[in-house]
Amino acid sequence: MTEQYEIAPMPGQIDNEILSKLSGVSVATVGHLTWAGFMDHHRIAPRQFGKRIIGTAITLRLPTPDSTLLHYASGRLRPGDIVVIDRAGDSRLACLGGNVAYGLARSGALGAIVDGPICDPDEIAEHDLPVWSFGVSPITTRRTGPAGSLNLPVNCGGVVVHAGDLIMADDSGVICIPRAEAAVLANAAAAKEATSTQRRADMKAGATLGALSGADDLVAEYGVSVEVAQ
């Protein structure tokens, strides 16, 4: 088989109305609504804390030590894009460091999700490019020859990600929401976030969590008294 780079078109970006509805929503709030789409938090962790991004997935598969496609993609990204990189199981070589991060940030990219290590975390932080990755390594990729794909499906943190999907990431982790499900889930998540905010206000006013969540009612219905020997 001939070595080659597989290049698919840039996807349409997530609608601004959906992004607006999710602007105040945390990843953990979405975790109250679905169990699907969450990347393995043992593999994909934030490299800088206090960062939060929501945007459109641009997918890269870099299965060899070659990072040419990442350099190529950096000049084609748009404000609001999030780079999602599948390193095909490689946990030794870092494909994203200080200069690459600077290139991505200059393009307007919101951040990067890397199923593999990065390097130069201090420089990446200086360039204000939020990154979630599988660790850090001082050994880097090169431009070694044709291999990989751009904007084709990838596997990142155990989740299949398609170009154009919605990515949300914060200190709690990363979720990929399929593009076709984004509008419905955004509405539900925004409502859930509003309920959570109201619940905190009610507790501040004196209500108990168990009364608000219904836990008190469930225990009243199903709880039994147990004698403990003294």
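Net charge within 12 Å of P46 by Cβ-Cβ distance, Lys/Arg positive one each and Asp/Glu negative one each, not counting P46 itself?
+1
What dipole magnitude, in Debye to the nearest 20, does the chain give about its Cα centre under +1 on Lys/Arg Cβ and -1 on Asp/Glu Cβ? Show your work: numbers first, answer last.
On the way: 18 positive and 25 negative charges, 108 e Å.
With only Lys, Arg, Asp and Glu charged at Cβ, the dipole is about 520 debye.
Please give the length that would be gained between S107 and V136 if that part of the chain were fully extended, namely 0.36 nm times their separation in residues minus their C-alpha to C-alpha distance (nm, one decimal).
Result: 8.1 nm gained on full extension.
What lysines could a cross-link reach from K192, if we take a straight Cα to Cα line under 20 Å and drop same-chain neighbours fewer than 8 places away?
K21, K204
If you count, for each residue, the other Cβ atoms within 10 Å and average over each peptide, how do 17-26, 159-168 line up from highest to lowest?
Descending packing order for the listed peptides: 159-168, 17-26.
May I ask you to list the residues of segment 12-40 whose amide nitrogen lies under 17 Å from a point 7 Å from Cα along the Cα→beta-carbon direction of A201?
In segment 12-40, the label zone of A201 (backbone N under 17 Å from the point 7 Å along Cα→Cβ) covers 24-25.
So how far apart, in nm, are the two label points at L152 and R76 if each is 7 Å from Cα heading toward Cβ?
Each label point is offset 7 Å from its Cα along the Cβ direction, giving 1.3 nm.
State the antiparallel share, in %, of DSSP beta bridges confined to the chain, rounding to the nearest 5.
45 percent
Hey, how much of the P(r) for the chain falls beyond 33 Å, as a percent of Cα pairs?
The share of Cα pairs beyond 33 Å in the chain comes to 26 percent.
Between A183 and I7, what is the label-to-label distance in nm when each label sits 7 Å out along the Cα-to-Cβ direction?
3.2 nm
At what distance in nm do the modelled label points of A220 and N16 sit from each other, each positioned 7 Å from its Cα along Cα→Cβ?
4.9 nm
Might you report the magnitude of the Cβ-based charge dipole of segment 30-145 about its Cα centre, with Lys and Arg at +1 and Asp and Glu at -1, to the nearest 20 debye?
It comes to approximately 220 debye.
No lab work stands behind these numbers, since they all come straight from the coordinates. Note that this is a predicted model, so its numbers are computed, not measured. All Cβ positions, glycine included, derive from the backbone under ideal geometry; neighbour counts span all protein chains shown.
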